[in-house]
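First up is the structure itself, then whatever we jot down about it.
The values are calculated or read from the model by the stated rules, or taken from the named source; none is laboratory data. Treat the numbers as computed from the prediction; the structure is a model and nothing was measured. Reconstructed Cβ throughout: ideal geometry from the backbone, glycine too, with neighbour counts over all protein chains shown.
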Amino acid sequence: IFYMGINTGAFLGSLLVPLIAASRGWRVGFAVPAVCMALGLVQFLWTRRLLAGAGRDVAPENRASWTPVVILLALVAVVVLLAVSGAIRIDAALLGVLASWAFALLAVAYFVYLLWFAGLSGPERRRVLVMVALFAASVTFWAGYYQQGASFNLFAERYTERHVFGWVMPAGVLQAVNPFFVIALAGVFAALWLALGRRERDPPAAAKFGVALLLLGLGFLVMYFAAQHVLAGSLVLPTWLVATYFLHTCGELCISPVGLSNMSKLVPPRFVGQAMGMWFLSLALGGNLAGQLSGQVDTTHLESLPGLFLSIFWYGAVGGAVMLCLTPFAKRLMAGVR
């Protein structure tokens, strides 16, 4: 329900914002979701009394401090003001590379801490090894998946036939295809996992991650052939992107709803919050790498498109095969964790 809910918002936003921007400009287009987010916050504050008693109380000694948040926001505000005033110049490409390195080093440091300095038992350390593999698979998946908002969006705008009965469909509207498939297929996948679980055939997390990577690779193989058609000098139908989004959505439903749950199960209770943070760090690192990959596309030389899509196909195919091969070992290391 949660996953379908957030994708309902993603579907409406992806559908409406490009249409509004096409007629009113992107300032209005970006303002609309900002207003909707503010209304959502007001609605939460207005109705939060209905949540009284829901969830577990947080022990006073475990309550988060707002001090680090305030300090971080202040630093961000200072950097933004300096950049806007022209006092400093920010190189977006360099910033992306530095952020990727920072995220990767942070992940390595945390896993080293868990394995050797957190006082974990032998079985607990073995589960951390599975966590490392899932983290790497997650980064690989999201680095390809987030091409939807990068190279795929450029492909939709410049190389896709978007004329529908005299109306030119904004390229961004195709971003609504993925959340639509999530809404349509989330119940199907949930029923599938439950049915397999009742028969004690529910695949382990490593196997689901492997299947997700294979589906990611298949989607990029579709885009490789679409790019070959573009090189031949013709626009392609949106069905190429729709087919790719379908495959990637199936992969997403194999990895995303179960990823956070599995990461949190692989560590002792005192590290659950940090494990959740590591899951979202994998999304952040994957998103950064997605931007760097799409930055390799030279729109003046279309020959770069098939190469990019084919290389990500191989990343997904090889990564998926590796995860499937590691599944028996991961299952033993997890020692009954499901």
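Numbers below:
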item: The stretch 1-34 - residue that is surrounded by 10 or more Cβ atoms within 10 Å (Cβ to Cβ), without any contact (Cβ under 8 Å) to a residue 60 or more places away in the chain and of a type in the set (Val, Ile, Thr) and, of those, nearest to residue 189 (Cα to Cα); result: 6
item: Filter pass, residue 330 being of a type in the set (A, V, I, L, M), assigned to a helix (DSSP H, G or I), buried (at least 19 other Cβ atoms within 10 Å of the Cβ) and under 18 Å from the mean Cα position of the chain (by Cα); result: no
item: Qualifying positions in the stretch 108-148 - buried (at least 16 other Cβ atoms within 10 Å of the Cβ) and polar (S, T, N, Q); result: 138, 140, 147, 148
item: Members of the stretch 149-176 found to be part of a loop (DSSP other than H, G, I, E, B) and closer than 16 Å to residue 235 by Cα, listed by number; result: 161, 162, 169, 170
item: Candidate set from the stretch 88-107 (those that are exposed (fewer than 10 other Cβ atoms within 10 Å of the Cβ) and modelled with pLDDT of 80 or more); member that is farthest from the chain's Cα centre (by Cα); result: 89
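A quick yes/no check of all residues on (1) in contact with a helix residue (DSSP H, G or I) (Cβ under 7 Å, 6 or more places away or on another chain); (2) in a loop (DSSP other than H, G, I, E, B); (3) surrounded by fewer than 19 Cβ atoms within 10 Å (Cβ to Cβ); (4) at negative phi:
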{"residue": "225", "(1), (2), (3), (4)": "no, no, yes, yes"}
{"residue": "229", "(1), (2), (3), (4)": "no, no, yes, yes"}
{"residue": "241", "(1), (2), (3), (4)": "yes, no, no, yes"}
{"residue": "245", "(1), (2), (3), (4)": "yes, no, no, yes"}
{"residue": "248", "(1), (2), (3), (4)": "yes, no, no, yes"}
{"residue": "292", "(1), (2), (3), (4)": "yes, no, yes, yes"}
{"residue": "298", "(1), (2), (3), (4)": "yes, yes, yes, yes"}
{"residue": "313", "(1), (2), (3), (4)": "yes, no, no, yes"}
{"residue": "322", "(1), (2), (3), (4)": "no, no, yes, yes"}
